[in-house]
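Heads up, the thing below is written out as structure tokens.
The values are calculated or read from the model by the stated rules, or taken from the named source; none is laboratory data. Not measured: the values here are computed from a predicted model. Heads up, the Cβs are rebuilt from the backbone with ideal geometry, glycines too, and the neighbour counts pull from every protein chain shown. Only protein heavy atoms, including side chains, enter the accessible area calculation; ligands, DNA and RNA are left aside. Shrake-Rupley method; radii C 1.70, N 1.55, O 1.52, S 1.80 Å.
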Amino acid sequence: MTLLLSDPAVAAVPLREDGDPLVVLPAPLTAAGVPAVRVRRGLARRLTLAAAHLPAGVGLAVVEGHRAAADQQRIIDRYRAEVERHHPDADPAEIERLTSRFVSPLAVAPHVAGAAVDLTLVDDAGRPLDLGTPIDATPEQSEGRCYLEAPGLPAHVRRHRAWLAEAMTAAGLVNYPTEWWHWSFGDRYWALMTGADAAVAGPVGAGAQLTIDLDVVALNTRLLGAHLSPGTELMAVVKGDGFGLGAVEVARTALAHGATRLGVTSIAEGLELREAGIGAPILSWLNPVDADFPAARRAGIAIAVPSRRHLDAVAATAPGTRVHLHLDTGMARDGASPQEWEALCASARMAERCGLLTVEGVMGHLASGHEPQGAASLEGRARFAHGVAVAEAAGLRPTVRHLATTSAALADPSSHHDLVRAGAGIVGIDPTGRHGLRSPVRLVAPLIGVRRVEAGTPVGYDHTWRAPRATTLGLLGLGYADGLPRAASGIAEVQVRGRRRPLVGRVSMDMAVVDLGPEAPPDIVEGEPVTVFGPGDDGEPTVAEWAAWSGTLDHEILTGLGRRIARLVVGGAR
């Protein structure tokens, strides 16, 4: 018996939304002539895995992925009208039951969750293979031949469906059996069929959306590479989930445009990259002394060593690991102090001679890389040069010396050495403000409330703002839980129809209020899109402005964006 998506058992599956963003499927997975298909990132990765399981000369061709809730509702309404026409005496409950036989309700619709695709198989020339029925054929129209394992199919059709089923199942996807073309991952139906504790992909609403343009990440990567000294490699730092933009997508894009290595803080971040199939060299540099160094060794992740205790732990638990000795060059944070450095180098040389590890690199970090002639940079470079000399005197021969991050990459060629670590610059943050790096993000949210108020009307907690004249206020469903800093209250601006408008009153946990002005057009109503920030090309606020309004860094704005904001990843290498 086929379980309908409208069955109460499907709706009863709990949802633990994991915030996986929508991404645009690469062209090789999309049917010819089909506009950009968006799906959740996890589903996109599994489609790539499924394609690799198909026989040579056979590929996947996706025709539909994420479907907007409004489009799903229109389909529901169309089917409901058709059902009502054929069953004029049925009561409303029966009408809904019959309608859901053909189209799933919004709350459980896999396409609305971005967790399902409709697809077919094609040959290496892009021509569709015969799967027995058209996509979207109903059981009634096809006499049941739309079922994945329908009886009575020609041998070649059964063979094609078997190829599809084997590849998709191997990649962890689930089929809706009345539709051979419909496969999902992460939605409630998938959870029920696989025994998962919860669905991880719920309906993608029409709320706030952060668009991440990987073509801009590519541009920034190339620009940084052009500033490096001859022979210097570029490491793309994708810690903090790629500064909040998606570590895997940012990493792949940077590697495709000149980066040769990847940097992360934790081993777990490095393992995520490996699990996504990324094979480039990875360095992890901020781990407790009892971290899972064996897992890093198995995954080929190099480890930065800031102390003799770390060195001993790596040598004892993960022999054969590549390590980078980490020197404190003047920040009193991570890295061995100058007083500890000589002993660390001696111990590392002994461990290396015993075959317990390989010292691949020496690293440091500049406190003020954007000021190459400042006292901190002069001292940092001197400490680093001395540290390398001490390491070499101990008999070590590190092949990768790295001190510079984005700031020094752009401003201080003398600090480049063998490798530069750049993370902020790849996502468009230019601490020097002079080199044309671009922001790859745009945050847009709809107004969820619009009201006309009289002069003197107080707004928000503590009534910190009162309307100086009659005006129109708009309500955004974004607050400090989503990453809008409370410190920007009463200072920040957004853009509405090409004009800057101020936020007024306190930014609260879930809401912020926009003064649309006394002259606000009457057709600005609920649903009006508001640009919170973007690249600035059209006069909208930028991430840098939000940082200035909040008394913080661009880095904090990007990494603080909450999971309630839907992500859409476009362009670039995915």
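What are the ³J(HN,Hα) couplings of the stretch 418-435, residue after residue, when phi is run through the Karplus curve with 6.51, -1.76, 1.60 and θ = phi - 60°? Round to Hz, x for glycine and proline.
8, 7, 10, 9, 10, x, 4, x, 5, 9, x, 8, 10, x, 7, x, 10, 10
Could you list log10 I(q)/I(0) for the stretch 1-86 at q = 0.12, 0.20, 0.23, 0.24 Å⁻¹, which the Debye formula gives when each Cα is one point scatterer?
After summing over all Cα pairs, the log10 values are -0.57, -1.11, -1.16, -1.17.
Net charge around R322, counting only other residues with Cβ within less than 14 Å of its Cβ (Lys, Arg = +1; Asp, Glu = -1)? Walk me through the numbers before you get to the answer.
Details: positive: R261, R297, R298, R397; negative: E352, E360.
Charge balance in the 14 Å sphere: +2.
Which percent of Cα pairs goes in each bin when the distances of the stretch 184-227 are cut into 10 angstrom slices starting at zero?
23, 22, 22, 21, 11, 1
Taking only protein heavy atoms and a 1.4 Å probe, what accessible area per residue, in Å², does the chain have with all protein chains in place?
Here the per-residue accessible area is 43 Å².
Under a no-solvent Debye model with one identical scatterer per Cα of the stretch 306-408, what's log10 I(q)/I(0) at q = 0.10, 0.22 Å⁻¹?
Result of the Debye calculation: -0.26, -1.08.
Which one, H53, P151, I524, projects farthest toward the positive side of the charge dipole computed for the chain from Cβ point charges (K/R +1, D/E -1)?
H53
Let me know the Kirkwood hydrodynamic radius for the stretch 117-199, please, with Cα pairs as the basis and the value in Å to one decimal.
Numbers: mean 1/r = 0.0747 Å⁻¹.
Hydrodynamic radius (Kirkwood, Cα only) of the stretch 117-199 equals 13.4 Å.
Take the Cα of T138, step 7 Å along the line toward its Cβ, and report every residue of the stretch 1-30 whose backbone nitrogen sits under 17 Å from that point.
4-6
Based on the alpha carbon coordinates of the chain, what radius of gyration and maximum Cα-Cα distance (Dmax) apply, in Å?
27.8, 93
Would you mind giving the three semi-axes, in whole Å and largest first, of the ellipsoid equivalent to the stretch 498-574 according to its Cα gyration tensor?
24, 17, 14
At what distance in angstrom do the alpha carbon centres of the stretch 60-118 and the stretch 436-460 lie from each other?
33 Å
To the nearest 20 debye, what charge dipole does the stretch 464-574 have about its Cα centre, counting +1 at the Cβ of each Lys and Arg and -1 at the Cβ of each Asp and Glu?
Numbers: 12 positive and 14 negative charges, 55 e Å.
That gives a dipole near 260 debye.
Take every DSSP beta bridge whose two residues both sit in the chain, then give the antiparallel share in percent to the nearest 5. Don't jump to the answer; show the numbers that get you there.
On the way: 42 of 78 bridges.
DSSP beta bridges in the chain are roughly 55 percent antiparallel.
Quick one: go through the stretch 495-510 and flag any residue whose amide nitrogen is under 19 Å from the point 7 Å out along the Cα-to-Cβ line of V525.
Inside the label zone: 497.
Throw me the Rg/Rh for the stretch 237-392, computed over C-alpha atoms with Kirkwood Rh, two decimals.
0.98
Leaving out ligands, DNA and RNA, what percent of the accessible area of the stretch 301-448 is carbon and sulfur, probe 1.4 Å?
So the carbon and sulfur contribution to the accessible surface is 51 percent.
If you average the C-alpha positions of the stretch 500-574 and of the stretch 151-174 separately, how far apart do those two centres end up, in angstrom?
Each part's Cα centre sits 46 Å from the other's.
Which order do the peptides 295-301, 556-562 come out in when sorted by mean C-beta neighbours inside 10 angstrom, highest first?
Ranking the peptides 295-301, 556-562 by packing returns 556-562, 295-301.
Let me know the charge dipole size of the chain about its Cα centre in debye, to the nearest 20, where only the beta-carbon of Lys, Arg (+1) and Asp, Glu (-1) is charged.
Details: 54 positive and 64 negative charges, 202 e Å.
Once rounded to the nearest 20, the dipole reads 960 debye.
Note down the nm distance, to one decimal, between modelled labels 7 Å out along Cα→Cβ at T464 and at E84.
4.9 nm
So how do 414-423, 33-42 stack up, highest first, on mean other-Cβ count within 10 Å?
Packing proxy ranking, top to bottom: 414-423, 33-42.
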